[in-house]
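This report concerns only the one structure given below.
The values are calculated or read from the model by the stated rules, or taken from the named source; none is laboratory data. These numbers come from a predicted model, not from an experiment. Note that we place each Cβ from the backbone using ideal geometry, even for glycine, and neighbour counts take in every protein chain shown.
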Amino acid sequence: MPRRLAHDDLGPLARGYSLLGSGGGGPTTMVELLLRDPGHWPIDVADLDELDPATPCLGAAFVGATMLLAEKLVPADPFGPLVAAIERWLGHPVPAVCSIEGGGINGLTPLLMAGRTIVDADCTGRAVPGLDQMSLFVDRVPGLVFASDTGAGGVTLVQSDRAADVEHVVRSAIIQAGGAGCAVLGGFTVGDLREHAIAGHLGRALDLGRAFRDARTAPLPDLAEALGGRLLVDGRITSVAPLEADPFVNAVEVAGARGEVHRVVCRSETLAVVTDGEVQASAPSVLVALDAVSRDVLEVTDLTLARTIAVIELPASPWWAARAERFARVAPSAYGLAGLDVAA
């Protein structure tokens, strides 16, 4: 039987996806506002096993610099032209939709696509920076097609067996569109999701959001336990500096409350935590940074000098550890960062 989401579930669900952003994925506020009308609710969400495996499916996401979305007016139907292009290419309607990045803003994105069956499956289980890191591409599912904005109502469409080609073409289109826009993935089925995606991820986000709501003011170790994670860092940021070898990577130094020295390694997401020279955790584990006072969920851009923070490790989806080639696409070494991988 489908899970029925009520309007009151929006807040916890959004917080859950913020936690699963691992410091990235973009704030959920914009989509929360788009979904604020109670008339949009309730929303039914189907498990994979409840649907015919031959059911065609879409994935939808906002792509690019998510902070730019706060400066753009989002159309009433931001994904409509892209879905139409995908369906013309495939030659048939696509009745179902899933999330393709289950951390940050894009966890909520399928809920905007009223009239389609929403499937509780996801292609990352967390925020990731690259389209080619989505599970369907990692597992080389054939026949995938991406449509994306180019700006001023334009649409580009790319189909390739090389995931890197898709990443480069879509990114180029989004740059043409002004640095942020929409993208839709098609060419797969519910059966593909059963084998090549992360089932039940919306349910996990909702459970996390509810647990966070109920334990938000608890002592940090108790909050971490309520979330099913462990507390790695509790201290004050003493420096933030880019790595000399890669200016896109920041090393955030934290003076721990008990005298330990932490280094939180960030790119567009938080990738690793090192304490007194030893790696404590790294991607694909979800590393959640919180303001230790307000308990706000922090993005990597919020990790600023003198802020008191906590970092909690949440378990990664087992999907990433099931095969070595999957783990290799999301571990710190995938970004050229040596010595930070924690064995799956």
### Query
List the pairs whose first member sits in the stretch 301-323 and is under 20 Å from residue 104 (Cα atoms), whose second member is among the aromatic types (Phe, Trp, Tyr) and modelled with pLDDT of 95 or more, and whose Cβ atoms are under 6 Å apart, counting only residues at least 6 apart or on separate chains?
320/327
## Note on the structure
For residue 97, the lone unmet condition from (1) in contact (Cβ under 8 Å) with a residue 60 or more places away in the chain; (2) over 20 Å from residue 173 (Cβ atoms); (3) not in a helix (DSSP H, G or I) is (1)
### Task
Determine if the stretch 101-110 includes at least one residue that is without any contact (Cβ under 8 Å) to a residue 60 or more places away in the chain and either buried (at least 19 other Cβ atoms within 10 Å of the Cβ) or not small (Gly, Ala, Ser) (or both).
yes
### Query
Are any of the residues in the stretch 224-246 β-branched (Val, Ile, Thr), in contact with an Asp or Glu (Cβ under 8 Å, 6 or more places away or on another chain) and within 21 Å of residue 342 (Cα to Cα)?
no
### Query
Within the stretch 122-136, which residues are at pLDDT below 95 and crowded, with 24+ Cβ neighbours inside 10 Å?
131
### Message
Among the residues in the stretch 174-183, are any in a helix (DSSP H, G or I), touching a residue at least 12 places away in the same chain (Cβ under 8 Å) and surrounded by fewer than 19 Cβ atoms within 10 Å (Cβ to Cβ)?
### Response
yes
### Summary
Filtering the stretch 201-229 down to residues that are surrounded by fewer than 16 Cβ atoms within 10 Å (Cβ to Cβ) and either within 21 Å of the chain's Cα centre (by Cα) or acidic (Asp, Glu) (or both) yields 203, 213, 214, 222, 228
### Task
Count, please, the residues in the stretch 217-272 that happen to be in contact with a strand residue (DSSP E or B) (Cβ under 7 Å, 6 or more places away or on another chain) and either of a type in the set (S, T, N, Q) or not in a strand (DSSP E or B) (or both).
14
#### Entry: Test: residue 58 is of a type in the set (A, V, I, L, M), in a helix (DSSP H, G or I), crowded, with 18+ Cβ neighbours inside 10 Å and not assigned by TED's automatic domain parsing to the domain that holds residue 267
no
